[in-house]
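I have placed the structure first, in the form of structure tokens, so that the comments after it can refer back to it.
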Amino acid sequence: MDRRFFVIGGVAALGLGVSGCSTAGLLDLSVSGGDSEIVTGKVLASVNRLRAAEGKPRLSSDRNLGRQAREHAEYMARKGRMSHDNFARRMKRWNIDLPAAENVAEGQKDAAGMFEAFRRSPKHFDNMLVGDFRKLGVGVARDRNGRNYWVMGLSG
């Protein structure tokens with residue numbers, strides 16, 4: 001496979017202003033943090049709905065991918081910036097199957113805003129549709145100013 005799944009550039013465009021986007025036709029993703037299993041379940045349902053519309057196989061929730069995503073969201077919240085720092089090392093440490101990708105965002109107030117930001121970004125949209133991916137994990141963390149940092153991990 002010649003495509004690399006290290007999403008390094010283009011995430012800055014996901015900053016502010018996305019949380020007000022319409023989510024017509026999507027499941028209710030109004031959860032804004034809190035119970036990560038609820039957030040993951042709602043995001044997973046929306047990603048699977050998107051994948052079904054494109055003829056792609058369903059993803060399942062993965063505990064290690066979710067834990068890694070939450071840990072990285074907390075890291076970004078502490079640093080106050082989005083990053084893909086140490087992506088390959090984190091995948092190895094958490095025994096995440098490759099290929100893998102990670103979409104990150106900041107500032108969206110809820111999971112619907114995060115999903116919509118990824119849906120509207122060509123590279124992040126493509127990551128959600130990679131046919132080799134079978135697993136998904138979502139993490140969110142809030143910084144001391146109340147700003148959310150989101151991570152969606154996908155893997156084979």
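The values are calculated or read from the model by the stated rules, or taken from the named source; none is laboratory data. Small disclaimer: the values here were computed from a predicted structure and weren't measured. Here Cβ is always computed from backbone atoms with ideal geometry, including for glycine, and neighbour counts include all displayed protein chains. The area values use the complete protein model at the heavy-atom level, side chains included, leaving out ligands, DNA and RNA. Shrake-Rupley method; radii C 1.70, N 1.55, O 1.52, S 1.80 Å.
In the range 57-72, the qualifying residues are those that are part of a loop (DSSP other than H, G, I, E, B) and touching a strand residue (DSSP E or B) at 6+ places or on another chain (Cβ under 7 Å), and the one that is most open to solvent (accessible area, probe 1.4 Å) is ASP62.
The single condition among (1) part of a helix (DSSP H, G or I); (2) farther than 16 Å from ALA117 by Cα; (3) modelled with pLDDT under 95 that LEU98 does not meet is (1). Cβ-Cβ contacts under 7 Å between residues 6 or more apart (or on different chains), taken from a first residue in the range 71-93 that is over 17 Å from GLY107 (Cβ atoms) to a second residue that is assigned to a helix (DSSP H, G or I), are listed as ARG90/GLN68; ARG90/HIS72. Does the range 122-132 include one or more residues that are assigned to a strand (DSSP E or B) and small (Gly, Ala, Ser)? So far as the range 122-132 goes, no, none of its residues is assigned to a strand (DSSP E or B) and small (Gly, Ala, Ser). So, ALA117, is that one of a type in the set (A, V, I, L, M) and open to solvent by less than 20 Å² (accessible area, probe 1.4 Å) or not? Criteria met by ALA117.
Figure legend. Inter-residue proximity from the range 111-124: first residues over 16 Å from LEU44 (Cβ atoms), second residues open to solvent by 10 Å² or more (accessible area, probe 1.4 Å) and of a type in the set (S, T, N, Q), beta-carbon distance below 8 Å, spacing 6+ or different chains. Indicated pairs: GLY113/SER19.
Every condition in (1) modelled with pLDDT of 90 or more; (2) surrounded by fewer than 14 Cβ atoms within 10 Å (Cβ to Cβ) is met by TYR75 except one, and the failing one is (2).
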